[in-house]
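Here's the structure we're looking at; comments come further down.
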Amino acid sequence: RLADVALKVVGVGSVGTRCGMALYMSETDTPLVLQIKEAYPSVLAKYVAHAAGPHEGQRIAVGQRIMQSASDIFLGWATDATGRPYYVRQLRDMKKSVPGEILHGKDITFFARACGWSLSRAHSKGGPGIVLSGYFGDSDHCDESLADFAVAYADQCEADYESFKKAVSRGFFPAEQ
């Protein structure tokens with residue numbers, strides 16, 4: 001049974017989207033919290049046709065099912081009374097991270113390879129590998145381009161953080177420690 005609902009404050013990547021949580025309770029009072037998040041069109045939508053169907057929530061749910069090794073059994077999609085598309089999933093933070101400062105030498109190399117393997121495994125499920133292999137060919141151009149982008153992105157993050165710290169010190173943003 002539905003016990004409660006609440007609006008959810010979303011992260012930076014979801015600013016401007018409607019997001020809520022719904023608390024359901026079983027007959028034995030076991031809680032289940034679902035997240036209902038507005039589904040906007042992909043930034044790639046203007047370049048490719050929709051493969052998953054006309055519903056943006058369906059596109060997101062199908063993509064997650066393809067990429068995740070064990071998908072959320074509550075993953076789905078819905079439309080509100082005004083026609084806005086949403087996707088639904090169980091609300092639980094399964095993200096883990098390793099503090100970078102504890103990684104040294106071979107540990108950081110192992111961690112980077114494990115992350116790369118996990119990412120490539122997920123993306124390999126999205127399309128035939130032979131097509132991607134043919135597209136990239138035998139050169140190192142793709143590898144070098146991705147590495148160049150990663151370094152440029154890290155540099156931009158550092159520059160943005162320095163700008164943010166200066167804005168805080170000028171009082172543009174209120175901040176506490």
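The values are calculated or read from the model by the stated rules, or taken from the named source; none is laboratory data. All values derive from a computational prediction rather than experimental measurement. So basically every Cβ, Gly included, is an ideal-geometry build from the backbone, and we count neighbours across all protein chains shown. Surface areas here come from the heavy atoms of the whole protein model, side chains and all, with no ligands, DNA or RNA. Shrake-Rupley method; radii C 1.70, N 1.55, O 1.52, S 1.80 Å.
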**Fill in**
Straight-line reach check, K96, cutoff 24 Å on alpha carbons, 8 or more apart in-chain or any other chain, hits among lysines -> K8, K37, K106, K125
**Rel. contact order, % - alpha carbon contacts under 8 angstrom, at least six apart, the stretch 65-112** = 23 percent
**Message:** Within 10 Å of each candidate Cβ there may be at most 14 other Cβ atoms; applying that plus a DSSP loop requirement, which trypsin sites (Lys or Arg not before Pro) in the stretch 104-177 survive?
**Reply:** K125, R170
**Request:** Compute the length gained on full extension between Y161 and E101: take 0.36 nm times their separation in residues and subtract their Cα-Cα distance, giving the result in nm to one decimal.
**Result:** 19.8 nm
**Message:** Starting from 0.36 nm per residue, how many nanometres of slack lie between S145 and S14 once their C-alpha separation is accounted for?
**Reply:** 44.4 nm
**Prompt:** How big is the charge dipole of the chain about its Cα centre, in debye rounded to the nearest 20, if each Lys and Arg gets +1 on its Cβ and each Asp and Glu gets -1 on its Cβ?
**Reply:** 540 debye
**Prompt:** With a ≥ b ≥ c the root eigenvalues of the C-alpha gyration tensor of the stretch 32-177, is it rounded (a/c under 1.5), prolate (a/b larger than b/c) or oblate?
**Reply:** oblate
**Nearest-0.05 FRET efficiency for T82 and S124, computed from C-beta distance (R0 35 Å)** = 0.40
**Message:** Please list, by residue number, every one of the chymotrypsin sites (Phe, Trp or Tyr not before Pro) in the stretch 51-145 that is coil in DSSP and has at most 15 other beta-carbon atoms within 10 Å.
**Reply:** F74
**Request:** Counting only GluC sites (Glu not before Pro) that are in a DSSP loop and have at most 14 other C-beta atoms within 10 Å, tell me the longest site-free stretch of the chain.
**Result:** 28-175
**Asked** How high is the relative contact order of the chain, in percent, counting Cα pairs under 8 Å that sit 6 or more residues apart?
**Response** 14 percent
**Directionally averaged projected area (convex hull, Cα atoms, the stretch 125-177), nm²** = 6.3 nm²
**Complete:** The percentage of the accessible area of the stretch 15-131 (probe 1.4 Å, all protein chains present) made up of carbon and sulfur atoms, to the nearest whole number, is 63 percent
**Prompt:** Taking a ≥ b ≥ c as the square roots of the eigenvalues of the Cα gyration tensor of the stretch 58-116, is the shape rounded (a/c under 1.5), prolate (a/b larger than b/c) or oblate?
**Reply:** prolate
**Item:** Mean shadow area of the stretch 22-92 over all directions, Cα convex hull, nm²
**Value:** 6.0 nm²
**Asked** By how many nm would the segment from V131 to F111 lengthen if fully extended, with 0.36 nm per residue of separation less the alpha-carbon distance?
**Response** 4.4 nm
**Prompt:** When the solvent-accessible surface of protein heavy atoms is calculated with a 1.4 angstrom probe, in what order do T82, T17 fall, highest first?
**Reply:** T82, T17
